[in-house]
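Novice: Sending over a structure as structure tokens; questions will come in a sec.
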């Protein structure tokens, strides 16, 4: 009798568990199928293809949804938002760098409301580094979703360096680079100032020097003094090339540098390396700021749900990410994008390490900045 009653209770318990699981799955699938609504995403030229391709794939799987990805000139973003604000036609998602974001917040005088994305970041925390989260956090509010990042790489032209008796393995610190640069300048009879200081490379150089100075002090005036002194030394000792037609064998850059080197029409061999450290054994992992997705608060629950699902597709669809990073000038922020052997592909004009592997490693190991807002403020004073 006892055994029968016990067996009955076990069967009843199992039946309840099965019923609960069924109901949960039914409600989950019901909610998934009920995703509907219309949202608007603003992208610039560099991100339109990726954001739109994910949107098209999402709509195929969710026929009641409409995601319009509109291409907006990056320089017109702020004026377009102000215009849309007046017309009451703001998009749901914007892609901006922090400088444009801060300008937008200031010039609209609180007219736009940015969603706090802490729950989303916490949910997908394994896909972002804490360094990336710094860039989307203001006063403990997560005002955006990381979209791209910029691991700082030292690119060296190995084929010509070899003719002067050097390899990338000789360069670990700034002193190594300066010593090599002075020697190359002398042997080339002044034709080669080894480190490029033109365009975006100069901006990456400044970012690197600021971050390295911030490792030593929190005093803003002292940080600026240290950066200025290093820049002056690089100029005075004929290391930094500031001539658009000048020769150089090294670049401090990121994904842009890789793309530009791959597109060169001359035969050459480059290597991808970590940034030079201040001293032997010092940190060589740094990443400059990227761009982020800003989500505007909306009253519609259906729009908010669709935005969340679309953002999840952007940040977790590994297959699409890998197709994109192999044909793009942007380095996506999502760690899952680089957990595949496809990034080990041999890039044109590169030997030894894959630049994408090097950047992925830097992205994962770059430490947090002690004060991100101070870094931004100082950089704005050097790079207008």
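Novice: Of all residues in the stretch 354-384, which are touching a residue at least 60 places away in the same chain (Cβ under 8 Å), surrounded by fewer than 16 Cβ atoms within 10 Å (Cβ to Cβ) and either in contact with a strand residue (DSSP E or B) (Cβ under 7 Å, 6 or more places away or on another chain) or not in a helix (DSSP H, G or I) (or both)?
Specialist: Once the filter is applied, which keeps residues that are touching a residue at least 60 places away in the same chain (Cβ under 8 Å), surrounded by fewer than 16 Cβ atoms within 10 Å (Cβ to Cβ) and either in contact with a strand residue (DSSP E or B) (Cβ under 7 Å, 6 or more places away or on another chain) or not in a helix (DSSP H, G or I) (or both), the stretch 354-384 yields 367, 368, 370, 371, 383.
Novice: Would a scan of the stretch 284-303 turn up a residue that is assigned to a helix (DSSP H, G or I), crowded, with 16+ Cβ neighbours inside 10 Å and on the phi < 0 side of the Ramachandran plot?
Specialist: Yes; the residues of the stretch 284-303 include at least one that is assigned to a helix (DSSP H, G or I), crowded, with 16+ Cβ neighbours inside 10 Å and on the phi < 0 side of the Ramachandran plot.
Novice: Okay, moving on. Tell me, which helices (runs of 4 or more DSSP H) wholly within the stretch 106-208 include 3 or more residues that are over 18 Å from the mean Cα position of the chain (by Cα), assigned by TED's automatic domain parsing to the domain that holds residue 375 and free of Cβ contacts under 8 Å to residues at least 24 places away in the same chain?
Specialist: Passing ranges, in order: 174-187.
Novice: On to the next question. Kindly indicate the residue of the stretch 188-203 that is over 30 Å from residue 294 (Cα atoms) and touching a helix residue (DSSP H, G or I) at 6+ places or on another chain (Cβ under 9 Å) and also surrounded by the most Cβ atoms within 10 Å (Cβ to Cβ) among those meeting that condition.
Specialist: 194
Novice: Separate question: Is it the case that residue 97 is within 30 Å of residue 378 (Cβ to Cβ) and touching a strand residue (DSSP E or B) at 6+ places or on another chain (Cβ under 8 Å)?
Specialist: So residue 97 passes the test.
Here's the yes/no breakdown for (1) under 20 Å from residue 194 (Cβ atoms); (2) in a helix (DSSP H, G or I):
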site: 260; (1), (2): yes, yes
site: 265; (1), (2): no, no
site: 268; (1), (2): yes, no
site: 272; (1), (2): yes, no
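Novice: Quick test of your reading of the structure: residue 51 fulfils all but one of (1) more than 19 Å from the chain's Cα centre (by Cα); (2) modelled with pLDDT of 90 or more; (3) closer than 16 Å to residue 293 by Cβ; (4) assigned to a helix (DSSP H, G or I). Name the failing condition by number.
Specialist: All conditions pass for residue 51, except number (1).
Novice: If you don't mind, there's one more thing I want to ask. Scan the stretch 238-258 residue by residue and report those that are out of contact with any helix residue (DSSP H, G or I) (no Cβ under 6 Å at 6 or more places or on another chain) and part of a loop (DSSP other than H, G, I, E, B).
Specialist: Of everything in the stretch 238-258, those that are out of contact with any helix residue (DSSP H, G or I) (no Cβ under 6 Å at 6 or more places or on another chain) and part of a loop (DSSP other than H, G, I, E, B) turn out to be 242, 243, 244, 245, 246, 248, 254.
Novice: I want to confirm something. Restricting to the stretch 32-48 and keeping residues that are farther than 27 Å from residue 109 by Cβ and in a strand (DSSP E or B), which single residue is farthest from the chain's Cα centre (by Cα)?
Specialist: 37
The values are calculated or read from the model by the stated rules, or taken from the named source; none is laboratory data. Keep in mind it's a predicted model, so treat the numbers as computed, not measured. Because the Cβ atoms are built from the backbone with ideal geometry, glycine has one as well, and the counts that use them run over all protein chains shown.
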